[in-house]
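S.K.: Have a look at this one before I ask anything.
The values are calculated or read from the model by the stated rules, or taken from the named source; none is laboratory data. No experiment lies behind these values; they were computed from the predicted model shown. Cβ atoms come from the backbone with ideal geometry, glycine included; neighbour counts cover every protein chain shown. Just so you know, the surface numbers come from the protein's heavy atoms only, side chains and all, with ligands and any DNA or RNA stripped out. Shrake-Rupley method; radii C 1.70, N 1.55, O 1.52, S 1.80 Å.
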Amino acid sequence: MSAETHTCYEGCNVNIFQFYLEKSGEHAAIVQCLQNVLPAQFQRIGAGKSSLDVLGVGSGGGEMDVQILSLLQSAFPSLPITADIVEGSSELTANFKALAAKTADLKKIQFSWHIMSSEDYEKAKAGIKKFDFIHMIQMIYYVKSLAESIKFHHGLLKNNGRLMIIVEAANSGWDILWKTYKKELCVGSITEYRSSGEIVSCLKDQSLKFEEHPVPNSFDITECFDRSSVTGERLLSFMTGTEHFYESFSPEVRTGILDVLRNKCSAEKDGRVFFNSNLTCIFVQA
């Protein structure tokens, strides 16, 4: 995918994605998990090595990569580290470059940028470079073949390497919403919704060793039930993968989605509605 190619997070979609991140607290939940689990993982990965190579797939604006690379740098301050970044959005890649440039911890890290889809990277880079740590954070929904993508990236791992996949948890609000309304929602950049349940099943099918860590999260979607709320409409648009929620679905489907969101995907507390946005962090061994 070239820099000029339209992706799911170009232009206005980048803005609505950033809006969602601000409202959901998702990145903070992931960062907390990374800080808890990565130091021990990195000690296993880096033991006895003279350099470390990292691959970020679908890295977006780089907020999580910066956290990961900073933790790795602090664990092995004297080792050379390279970071290959695969991201289909030229706009988000530019954001990442700017963030990396002003992050002091990353000055020593050598970056290579690949503005393309993960599928195009698989075609272009197969067998060329191996990595100690590969991460796929909230991007596995966009690959065409889950089994092939996992097989490919697992095959890029060096000795003692790890593939980290962070994905929405099985039976989370996302899982329930997108599977209940699969026909209506899986029509854009996501054609087949996957939660941790599908990832774990795929890993077992390939006889790969892995471990899971829960990433608890929830956020307030009360305004989604106020038709006049701009915040609510923007959240609904992101959560359903559409640019304009109220224009994208029939009245019957809109009513059904709102009912599922309130009664099956969320919990009420003090008159507010909190969406179950739990994630799962999965480490796959080389």
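S.K.: If you count only protein heavy atoms with a 1.4 Å probe, what accessible area per residue comes out for the chain, rounded to a whole Å²? Could you put the intermediate results ahead of the total?
M.R.: Numbers: 12690 Å² over 286 residues.
Ligands and nucleic acids excluded, the result is 44 Å² per residue.
S.K.: Now, a different point. With the chain treated as a Gaussian network of Cα nodes joined by springs under 10 Å, which of LEU99, LEU261, LEU236 yields the largest mean-square fluctuation?
M.R.: In the Gaussian network model the winner is LEU99.
S.K.: Enumerate the lysines that LYS269 could reach by cross-link, defined here as Cα to Cα under 21 Å, with residues fewer than 8 away along the same chain left out.
M.R.: Partners within reach: LYS23.
S.K.: So, with +1 on the Cβ of K and R and -1 on the Cβ of D and E, and no other charges, what is the size of the charge dipole of segment 143-267 about its Cα centre, to the nearest 20 debye? Write out the running numbers ahead of the final one.
M.R.: Working: 15 positive and 17 negative charges, 103 e Å.
Computed about the Cα centre, the dipole is about 500 debye.
S.K.: Also: Can you give the angle from 0 to 90° between the axis of helix 146-155 and the longest principal axis of the chain, with both taken from C-alpha atoms, to the nearest 10?
M.R.: With rounding to tens, the tilt is 20 degrees.
S.K.: Which order do the peptides 263-270, 204-211, 50-57 come out in when sorted by mean C-beta neighbours inside 10 angstrom, highest first? List each step's numbers first, then the result.
M.R.: Values: 263-270: 13.5, 204-211: 11.6, 50-57: 20.2.
So the order, starting with the most tightly packed, is 50-57, 263-270, 204-211.
S.K.: Further question: When the accessible area of segment 55-117 is computed with all protein chains present and a 1.4 Å probe, what percentage of it is carbon and sulfur?
M.R.: Numbers: 1340 of 2420 Å².
In segment 55-117, the share of accessible area belonging to carbon and sulfur is 55 percent.
S.K.: For the chain, what is the mean residue ellipticity at 222 nm derived from helices alone (per DSSP H run of n ≥ 4: -39500 (n - 2.57); sum divided by total residues; nearest 500 deg cm²/dmol)? Walk me through the numbers before you get to the answer.
M.R.: On the way: 12 runs with 126 residues, N = 286.
One gets -13000 deg cm²/dmol as the mean residue ellipticity at 222 nm.
S.K.: If you don't mind, there's one more thing I want to ask. In whole percent, what relative contact order does segment 185-278 give with Cα contacts below 8 Å and a gap of six or more residues? Spell out each step's value before the answer.
M.R.: Numbers: 74 pairs, mean separation 28.7, N = 94.
It rounds to 30 percent for segment 185-278.
S.K.: Can I ask one more? Tilt of helix 251-263 relative to the longest C-alpha principal axis of the chain, in degrees (0 to 90, nearest 10)?
M.R.: Approximately 60 degrees, to the nearest 10.
S.K.: While we're on this one: Counting alpha carbon pairs within less than 8 Å and at least 6 residues apart, what relative contact order, in whole percent, applies to the chain? Show your work: numbers first, answer last.
M.R.: Numbers: 477 pairs, mean separation 57.7, N = 286.
It rounds to 20 percent for the chain.
S.K.: May I pose another question? Suppose we keep just the DSSP beta bridges with both residues in the chain; what percent of those would be antiparallel, to 5? Intermediate results must be reported in sequence, preceding the final value.
M.R.: Values: 20 of 41 bridges.
Antiparallel bridges make up about 50 percent of those DSSP assigns within the chain.
S.K.: Ok, one more. Can you tell me which lysines have their Cα less than 21 Å from the Cα of LYS97? Leave out same-chain residues fewer than eight positions away.
M.R.: Once the sequence-local lysines are set aside, what remains near LYS97 is LYS107, LYS108.
S.K.: Within straight cross-link reach of LYS204, meaning Cα distance under 20 Å, which lysines are found once same-chain residues fewer than 8 apart are removed?
M.R.: LYS144, LYS151
S.K.: Now for a different question. If you fit an axis through the alpha-carbon atoms of helix 12-24 and take the longest principal axis of the Cα set of the chain, what angle between them do you get, 0 to 90°, nearest 10?
M.R.: Tilt of helix 12-24: around 90 degrees.
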